[in-house]
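Below you'll find the structure, written out as structure tokens, and then a few comments.
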Amino acid sequence: AHLNLGIGLEASGDAEGAIRCYETALELDPQEVFARYNLGKLLFSRGAPDRAAPLLMDALRLKPDFPDALVVLAAIQEALASPADALATLQAALRLRPDDRLALRNCGVLLGKLRRWAEAESCLRRAIAADTDDAEAACALGNALVHLGQSEDAASWYRTALRVRPDYPEALCALGCILVDRGNLEQARPLLARAIELRPAFAEAHVGLGNLRHAERHLAEAAASYRRAIAIDAHF
């Protein structure tokens, strides 16, 4: 009853009430797998990966064949800067459920962060086959294709992501940057401007806008964009 009440409270937006219910359920039955899973997932979503990780690991100890818990645990491991562990966890989830769209997408995104672009492409294409409206997978596939030297195909996937989610800053910026590289400055301008409007502290978009202004020979404005990008992220 406490578990089900927690699920209802979480669905209605009462996270604190849900946490109390899940904790009560675990006091009454320490072996309650779904209370551990739900509590861990909720704590992670509220920015507490250190508290969430042991709950998910306990859930998996009690129920090893639990792909949903593996997907959440992988996200926690990535947040705790353990990408190799996160990848292994996602691969374990996919062995249990090979067509899990979320596991496929997250695995593809993570492979991209690890710069394993060909593997990322394969995983993301499978994710999109499982869910053609997954804008994040489409955008991540575009990123993989850019790094594989296939910018034309990448642009089509960024457009796919924007058809599903028109205000997607990463896709707007990435497509805008490709258009700048091609010399299509007027098409690129509104995309980069919108990306910055949606996310003012978006260093990549400011770099893209700087490249556009540089191509137009507006050097002072280009320098201002580059300075803004460096102020946001010193690595630029």
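The values are calculated or read from the model by the stated rules, or taken from the named source; none is laboratory data. Keep in mind that this is a model prediction, so the values were computed, not measured. Quick reminder, even Gly has a Cβ in these numbers, built from the backbone with ideal geometry, and neighbours come from all protein chains shown. Calculation scope for accessible area: heavy atoms of the full protein, side chains included, ligands and nucleic acids excluded. Shrake-Rupley method; radii C 1.70, N 1.55, O 1.52, S 1.80 Å.
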- Message: Give me Rg/Rg_expected for the range 96-139, where Rg uses Cα atoms only and Rg_expected = 2.2 N^0.38 Å with N residues.
- Response: 1.00
- Message: Can you give me the % of accessible surface on the range 180-219 that is carbon or sulfur? Probe 1.4 Å, all protein chains present, nothing else counted.
- Response: 52 percent
- Item | Pairwise label distance in nanometres, GLN91 with LEU62, each label 7 Å out on the Cα-Cβ vector | 2.9 nm
- What helix-only [θ] at 222 nm does the chain give? Using -39500 (n - 2.57) per DSSP H run of at least 4, over all residues, to the nearest 500, the answer is -25500 deg cm²/dmol
- Message: Using alpha carbons only, how many angstrom separate the centre of the range 133-205 from the centre of the range 29-86?
- Response: 32 Å
- Query: Can you give the direction-averaged projected area of the convex hull of the alpha-carbon atoms in the range 7-131, in nm²?
  - Reply: 7.7 nm²
- Rounded to the nearest whole Å², what accessible area per residue is found for the chain with the 1.4 Å probe? 51 Å²
- Query: Full extension from ALA201 to GLN187: what is 0.36 nm times the residue separation minus their Cα-Cα distance, to one decimal in nm?
  - Reply: 2.8 nm
- Query: Using alpha carbons only, how many degrees (0 to 90, rounded to 10) separate the axis of helix 2-11 from the longest principal axis of the chain?
  - Reply: 20 degrees
- Query: Using 1/(1 + (r/R0)^6) with R0 = 45 angstrom and r between the beta carbons of ARG116 and LEU5, what's the FRET efficiency to the nearest 0.05?
  - Reply: 0.55
- Message: Helix 49-62 against the longest principal axis of the chain: what's the angle in degrees, Cα atoms only, rounded to the nearest 10?
- Response: 50 degrees
- Quarter of the surface of the C-alpha convex hull for the range 109-236, i.e. direction-averaged projected area in nm², equals 7.4 nm²
- Could you give the alpha-carbon Rg of the range 1-60 over 2.2 N^0.38 Å, rounded to two decimals? 0.98
- When the Karplus curve 6.51 cos²θ - 1.76 cosθ + 1.60 is applied with θ = phi - 60°, which whole-Hz ³J(HN,Hα) does each residue of the range 31-36 get, with x for Gly and Pro? 8, 6, 5, 6, 5, 5
- How far, in degrees from 0 to 90, does helix 83-96 lean away from the longest principal axis of the Cα atoms of the chain, to the nearest 10? 60 degrees
- Message: Please compute, for the alpha-carbon atoms of the chain, the extent along each of the three principal axes and give them in descending order in Å.
- Response: 69, 33, 30
- Could you bin all the Cα-Cα distances of the range 154-225 into 10 Å bins starting at 0 and give me the percent of pairs in each, rounded to whole numbers? 24, 55, 19, 2
